Amino acid sequence: MKKKRISPTSLIFLILVFVFIYAPIISIAVFSFNEANSLVRWSGFTFARYIELFTDRELFNYSNPRESIVFMTLWIAAISTLVSTILGTLAAIALTQTKKVIRDLTMSVNNIPIVSPEIITAVSLLVLFGALQIAPSYNTMLLAHIAFSTPYVLITVYPKVKSLDPNIADAAYDLGASPFKALLKVILPQIKVAIIAGAAIAFTMSFDDFIISYFVAGSSGDKNISIYLYTNRLSPKPIINALSTIILLIIGGKITYDYFKTGKKMEEIE
Amino acid sequence: MQSVDIKKSRTKKKFERALGFPYYFVLIVLVVIPIFLMVISSFQLDRSSGIFPISFTFSHYLDFLKATSFVRAMTSSLWIAAATTVVTLIIGYPLAYILTKLKFRLQISLLLLINAPMWINMLLRVRALEQIIRMLFPYLIDSVPGVVIGLVYVYLPFMVLPIYAVLSKIDTNLLESAADLGANRFKTILKVVVPLSLSGVLSGILMVFLPAATTIIIPQYLAPSQNIYMIGTLIEKSIINNGRISYASAVAIVLSLVILGIVYYIKKLDKYKGVNRNEKEAY
């Protein structure tokens, strides 16, 4: 094996790319502690933006959560994750047993929301809700989120189900388990990791979604965090930097956690 | 005994097949029917609410030929998306290539760092970039290069990942035999590495071009005076500001057809598919 050494040009290139990727993100976090409203001039350290953020009536309305943007975003993400994870997992199990025609057809339709640009999915769902005379609200947003998250759960879980040894489930049946019990006690535990991965994708997709939410619910005044950020883009409040920083910290924490977990796993393999 | 077993496996199969029904229903109601309705809607006059009463008109499609806003938005979208794709390729290919030359543990860490921003809300990232640009390069605001930088910033990982996936699967024996046969490093890259990574490059191109051409967010943040008019802005305007849902449907359908054409053409370019070992596992 040749010794792997990186040339100075490559190193400079790598550094430049990572500065490009991370400089904006880091600057947002730093300036969220700025005393002045400015994003350019540093005038002193303060937590004031964070206090303003948590007392903002539009984002955090503790007495009436239905009016709170942050709470409703989390709520919709939670419900759509729950529903799409259940739907997608069950469908993944079913697809390994069905006829090839149904499987291929389902997979192609399942791919439509994944490959087509969000804006087209958004227009089609808007037309659907318009035709069914369902008024735009958090409900249409929730339905739309279920529609675009479930396909990702299915393609995450399906390969895992396909790789399962069918003998294990058969053994459960031979030992007298009912189909439901076999599903609950034998199949689901084996695909747990894939289900959690699918659920994580579904949650982030819902939490971060802008275009589809904006189209199907934007006209009602029901906002998620993305719609809130977008509609305030021309007069951005300084609390948005504080909100961004909190979201960054949570996601950064999750990614670091994942990294160390996979790192440990890799060491075990080595 | 035998027949009991068969019966059992039949009920099991029936049960497991039935688990898919709820999702089939969701797919039909929330994916298939909306597409049909969008097509029907595109032939409707905009004044009628709901799908009934059904009118029939080609006016929206004919409008495209007359109205300059559509042609202008479409060409600038395709042009800006193409520029974005070229820039992400110029940055992303060497980046993926350098990654494959590093120690495995470092490769994984850096890949994770490249990926990580994709988990962060896109509006937050674009706003962060907008602030930096306003601070350091204010002349880029409201310019095409500024919008392209924004698109590159958001979609670079989509180019790096598929290229890395293919490059890391290339059999190193091939590179050694190229060297043994007298090829220098540059020639090896040109004649061996690049053709073998073509499938990754093509999927990267698709994954960058399509969302870049249909973006709403980036021009709104980086060209707020709206001098750069892309197709996403056109659809957004006609729905949110003017309530012209049928017109927007027609735009979305023409856009889908253009995209399908591009996807078909790019997929056809992929003539080296399946040459690398374990290529299937890469996706």
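Taken together, the values in this text are just the output of simple stated rules run on the coordinates, not laboratory data. Please read these numbers as outputs of a predicted model, since none were measured by experiment. Every residue, glycine among them, receives a Cβ derived from its backbone with ideal geometry; neighbour counts consider all protein chains shown.
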**Given charges at beta-carbon only (K, R positive; D, E negative), |dipole| of segment A:113-253 in Debye** = 220
**Item:** In range of the label at A:Ser178: residues from segment A:64-98 whose backbone nitrogen is under 20 Å from the point 7 Å along Cα→Cβ
**Value:** A:90, A:94
**Item:** Gain on full stretching of the segment that runs from B:Thr172 to B:Leu136 - 0.36 nm per residue minus C-alpha separation
**Value:** 8.6 nm
**Prompt:** Using the Cα atoms of segment A:1-91 to build a convex hull, what is its mean projected area in square nanometres?
**Reply:** 12.9
**Set A:Lys99/A:Lys162; A:Lys181/B:Lys12; A:Lys265/B:Lys101; A:Lys162/B:Lys268; A:Lys181/A:Lys261 screened for pairs whose C-alpha atoms are more than 20 Å apart** = A:Lys265/B:Lys101; A:Lys162/B:Lys268; A:Lys181/A:Lys261
**Asked** Sorted from fewest to most neighbouring beta carbons within 10 Å, what does the list A:Phe148, B:Phe21 look like?
**Response** B:Phe21, A:Phe148
**Asked** Which residue, A:Ser163, A:Ser124, A:Ser244, tops the fluctuation ranking in a GNM of chain A built on C-alpha contacts under 10 Å?
**Response** A:Ser163
**Message:** For chain A, take the longest principal axis of its alpha carbons; what is the angle in degrees between that and the long axis of helix A:69-95, to the nearest 10 within 0 to 90?
**Reply:** 20
**Prompt:** So what's the angle, to the nearest 10 degrees on a 0 to 90 scale, between helix A:118-131 and the longest Cα principal axis of chain A?
**Reply:** 80
**Prompt:** Taking the Cβ-Cβ separation of B:Ala82 and A:Thr9 as r and a Förster radius of 35 Å, what is the calculated FRET efficiency to the nearest 0.05?
**Reply:** 0.80
**Asked** Anyone know which of B:Gly92, B:Gly20, B:Gly200 comes out most mobile in the 10 Å Cα GNM of chain B?
**Response** B:Gly20
**Long-range amide H partners of B:Ala223 with built H, under 5 Å** = B:Asp142
**Message:** If a paramagnetic tag sat 7 Å from the Cα of B:Asn227 along the Cα-Cβ line, which residues of segment B:112-147 would have the backbone N under 17 Å from that point?
**Reply:** B:134, B:137-147
**Asked** Where nothing but the Cβ of Lys and Arg (+1) and of Asp and Glu (-1) is charged, how large is the charge dipole of segment A:179-250 around its Cα centre, in debye to the nearest 20?
**Response** 260
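Count, for each residue of A:147-158, the Cβ atoms from other chains sitting within 10 Å of its Cβ, then give me the mean as a whole number.
Rounded to a whole number, the mean comes out at 2.
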**Item:** Förster-model FRET efficiency, 41 Å R0, A:Leu82 and B:Ser109, C-beta, rounded to 0.05
**Value:** 0.80
**Request:** Towards the positive end of the charge dipole of the protein assembly as shown, with charges on Cβ (+1 Lys, Arg; -1 Asp, Glu), say which of A:Ala199, B:Tyr265, B:Met118 has the farthest Cα.
**Result:** B:Tyr265
**Complete:** Connecting every pair of Cα atoms under 10 Å apart in chain A and solving the GNM, the largest mean-square fluctuation among A:Thr106, A:Thr73, A:Thr140 falls on A:Thr106
**Message:** As a test of the formula, what do you get for chain A when each DSSP H run with n ≥ 4 contributes -39,500 (n - 2.57) and the sum is divided by the residue count, at 222 nm and rounded to the nearest 500 deg cm²/dmol?
**Reply:** -23000 deg cm²/dmol
**Prompt:** In debye to the nearest 20, how big a dipole does chain B give about its Cα centre with +1 on each Lys and Arg Cβ and -1 on each Asp and Glu Cβ?
**Reply:** 860
**Request:** Rounded to the nearest 0.05, what FRET efficiency do A:Ile196 and B:Ile40 give with R0 = 60 Å and r taken as the Cβ-Cβ distance? Could you check?
**Result:** 0.90
**Request:** Would you be so kind as to identify which of B:Leu27, B:Pro162, B:Ile216 lies farthest towards the positive end of the dipole of the protein assembly as shown, taking Lys and Arg as +1 and Asp and Glu as -1 on Cβ and the Cα centre as origin?
**Result:** B:Pro162
**Request:** With a bin width of 10 angstrom, please list the P(r) values of chain A as percents of all Cα-Cα pairs, from the 0 bin to the one holding the largest distance.
**Result:** 6, 20, 26, 24, 16, 6, 1, 0
**Fill in**
Inter-part gap, Cα centre of segment B:145-221 to Cα centre of segment A:59-105, in whole angstrom, is 33
**Item:** Shielding by partners, peptide A:84-91 (average Cβ within 10 angstrom, other chains)
**Value:** 4
**Asked** Helix by helix, which DSSP H runs in chain B go 15 Å or more along their axis at the Cα atoms and have an average Kyte-Doolittle hydropathy of 1.6 or more?
**Response** B:144-167, B:198-213, B:245-268
**Fill in**
Checked against the positive end of the charge dipole of chain A (+1 on Cβ of Lys and Arg, -1 on Cβ of Asp and Glu, about the Cα centre), the farthest of A:Pro113, A:Leu14, A:Gly176 is A:Leu14
**Asked** What's the angle, to the nearest 10 degrees (0 to 90), between helix A:100-115's Cα axis and the longest principal axis of chain A?
**Response** 0
